[in-house]
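A short worksheet on the structure shown next.
Values in this text are rule-based calculations from the coordinates and carry no lab data. Being a predicted model, the structure only gives us computed values, none of them experimental. Reconstructed Cβ throughout: ideal geometry from the backbone, glycine too, with neighbour counts over all protein chains shown.
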Amino acid sequence: MPDTNVPPPVPPQPPQAHPALPHPLRKLTGTEKAAALLLAVGAENASKILSHLSEEEIRAIARSASDLGAIPGPMLENIADEFVSLVGADGGIRASSEQVKGLLEKILPTEQVRQIMSDVRSRMNEAVWPRLAETPPQITAQFLGKEHPQVISFVLSRVSTTASADVIAHFPAALRNEVMRRMLTNRLMTQEALRLLETVLRDELLLKVARSSGQDAHARIAKIINKLSRKEMEEVLSSLAATRPKEAEIVRNLLFTFEDIAKLSVKTRTTLFENVEAEVLIPALNGVDAAMRDLILSTVPSRTRRVIETELAAAAPMSEKEMEKARRVVADMALQLADQGVVDLSFGEE
């Protein structure tokens, strides 16, 4: 007889879904993640993996890898964790078509590599125009401003009217008018010339923008630290420098404090203090040394200067916290005006 005391079998439990890993900059597709890992593990290991894939799978990964751009270290670590794999890399990776070609040449015949790379490069060129429309207009305008107006008019005719208008707004009036006139009579471009133009835009503009994307994390950290008090700021930077000195130096160079106002040009200081109320400037100047106070007051309108000097002479003692808060407001205004393109916060000679 069967043993009735035997408990019934436990039905298999479905595997628990792992929580989605955060992607600090952008979300990658599965193929892009695979491409990133292949590039990270090096040519020798990647070629062993690729040799087990079909041509269509290799073609898909090659397309994704060539268009991958910069992958920061933290994102690569997340991808590695997601694949339950260890990728020992302090930094990120940056893909290029030549890097992909080098991997393929280790496992495929030359003609097959040529066909795949031809397909990859064609796809990369097709992606130029939507990526160009997403590039900050001031960067695109700076790049195109060095080209002939006919080239500029053709490029802008290939993107959306909104993106085109944003770029044109950054041109000097004479160039803007010339480009608009030429856009009325744009002619068709040969396929060979079009491919050449797309390659130049991709290599000279879009890839350089992609390389700079790694600075986003540093800029974000700098904006956070900029909000802290001077003491807190130094504590954070010291802690960061103890573990990541190079990263700390990059962040430090992106910071802007009240004391940095002394390094700005007279023109920039004048514009800044035109946008700062006297009620804020009075506590900000309270307690600063005479040289710094005179430097700032020299760029303040004379009437406002007299009011501030009178108030400072009769001001009651203030707490360090009050003065620090006012100085942070002034520094934040400088950063805001810089973001708007009103002032230039680069340090230089007077």
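A cut-off under 12 angstrom between Cβ atoms defines the neighbours of Ala163, and their net charge, with Lys, Arg +1 and Asp, Glu -1, is 0.
Where does each of 151-159, 315-323 land if you order them by average Cβ count within 10 Å, highest first? Intermediate results must be reported in sequence, preceding the final value.
Details: 151-159: 20.2, 315-323: 11.3.
Ranked from most to least packed, the peptides come out as 151-159, 315-323.
Full extension of the segment from Ser298 to Ala314, taken as 0.36 nm per residue of separation minus the current Cα-Cα distance, would add 3.8 nm. Distance check, please: which entries in Lys223/Lys246; Lys33/Lys246; Lys231/Lys325; Lys227/Lys325; Lys246/Lys325; Lys223/Lys325 exceed 20 angstrom between their Cα atoms? Those over the limit are Lys33/Lys246; Lys246/Lys325. Rounded to the nearest 20 debye, the dipole size of segment 256-350 about its Cα centre is 200 debye, using +1 on the Cβ of Lys and Arg and -1 on the Cβ of Asp and Glu.
For the peptides 279-292, 223-236, the ranking by mean Cβ contacts within 10 Å, running from highest to lowest, is 279-292, 223-236. Computed from point charges on the beta carbon alone (+1 for Lys and Arg, -1 for Asp and Glu), the dipole magnitude for segment 128-187 about its Cα centre is near 200 Debye. Around Asn226, what is the net charge, scoring Lys/Arg as +1 and Asp/Glu as -1 over all other residues with Cβ under 9 Å from its Cβ? My count for the surroundings of Asn226 gives +2. If you take all other residues with their beta carbon under 15 Å from the beta carbon of Val330, and give Lys and Arg +1 and Asp and Glu -1, the sum is 0.
Highest mean packing first, where packing is the average number of other Cβ atoms within 10 Å per residue, the peptides 330-341, 239-250 line up as 330-341, 239-250.
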